[in-house]
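Heads up: the structure comes next, in structure tokens.
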Amino acid sequence: MERVVRSANYRSFVYVKRFIDVVASSAGLALLLIPLLLIALAIKLDSPGPVFYKQKRAGKSGKPFEMVKFRTMVPNAEHLGLRFEVAEDDSRITSVGRLLRVWGMDEYPQLYNILKGEMSLVGPRAARMDQIEHFTTEEQGRMLIKPGLTGWAQVNGRNSISWKRRIELDLWYVENESLWLDLIILLRTVWVVCIVRTGRYGPEGVTRDYGT
């Protein structure tokens, strides 16, 4: 992975960003405790299988970690149908899972990953371990920082834009990250995910896997 030239105060920025991550994730988990329990119960009553979906993802410098989400599909969905690709009318998505996806609530458990220090509130989306094996040297630059719950690519098209464009946006963020930019991304995330709810799926209603 290529190094990005950092300013002298970058270390201070990293400490401040981590402090914000800890405070925000702790507060989020506390405030959302009841909704999280209700969502877990709804998932359990809606379909057989675990409440959480866990998957190995690439963290900073490609270090693997187990990302946690609420399960929105039938168990072992990645071995069925479109495998790692997801269609808007995908039969593998459960009834509760469809609602969670619409409002982005399936992502809430990642606050735990943020609290543990494996993720940040803002950063490139965490790629699967098998995906990064095919990244070019330039594309690996998106792993110079922690992956995020949301990111620059998420508020500029999400899944409706190509993987190439998403990675370009991620790399731009890595080179230009700042607390001000993070605030803009967080505010735009509320607009994109909770209000207009655009970009949840790719063109023609299908979110394509990397390299497709």
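The values are calculated or read from the model by the stated rules, or taken from the named source; none is laboratory data. These figures come from a predicted structure and were not determined experimentally. Because the Cβ atoms are built from the backbone with ideal geometry, glycine has one as well, and the counts that use them run over all protein chains shown. Remember, those area values only see protein heavy atoms, side chains included, never the ligands or the DNA or RNA. Shrake-Rupley method; radii C 1.70, N 1.55, O 1.52, S 1.80 Å.
In segment 189-212, how many residues are among the hydroxyl-bearing types (Ser, Thr, Tyr) and surrounded by 15 or more Cβ atoms within 10 Å (Cβ to Cβ)? Spell out the reasoning first.
Step one: of segment 189-212, the residues among the hydroxyl-bearing types (Ser, Thr, Tyr) are 189, 198, 201, 207, 210, 212.
Subset that is surrounded by 15 or more Cβ atoms within 10 Å (Cβ to Cβ): 189, 201, 207, 210.
Count: 4.
Anything in segment 160-188 that is within 20 Å of ARG101 (Cβ to Cβ) and crowded, with 20+ Cβ neighbours inside 10 Å? List them, or say none.
Correct list: ARG166 only.
At pLDDT below 95 and either among the hydrophobic types (A, V, I, L, M, F, W, C) or open to solvent by 70 Å² or more (accessible area, probe 1.4 Å) (or both): is that true of VAL51 in this structure?
On the way: at pLDDT below 95: no; either among the hydrophobic types (A, V, I, L, M, F, W, C) or open to solvent by 70 Å² or more (accessible area, probe 1.4 Å) (or both): yes.
Judged against the criteria, VAL51 is not a match.
So which pairs qualify, if the first residue must be in segment 73-88 and among the small types (Gly, Ala, Ser), the second must be assigned to a loop (DSSP other than H, G, I, E, B) and surrounded by 14 or more Cβ atoms within 10 Å (Cβ to Cβ), the Cβ gap must be under 7 Å, and the two must be at least 6 apart or on different chains?
Matching pairs, first to second residue: ALA77/ARG92; GLY81/ASP90; GLY81/ARG92.
Among the numbered criteria (1) under 26 Å from LYS17 (Cβ atoms); (2) under 15 Å from the mean Cα position of the chain (by Cα); (3) of a type in the set (Asp, Glu), which one does GLU168 miss?
Going through the list (1) under 26 Å from LYS17 (Cβ atoms); (2) under 15 Å from the mean Cα position of the chain (by Cα); (3) of a type in the set (Asp, Glu), GLU168 breaks only (2).
Exactly one of these conditions fails for TRP103: (1) within 15 Å of the chain's Cα centre (by Cα); (2) buried (at least 17 other Cβ atoms within 10 Å of the Cβ). Give me its number.
(2)
For residues that are modelled with pLDDT under 95 and basic (Lys, Arg), scanning just segment 143-164, find the one that is nearest to ARG197 (Cα to Cα).
The qualifying residue nearest to ARG197 (Cα to Cα) is ARG158.
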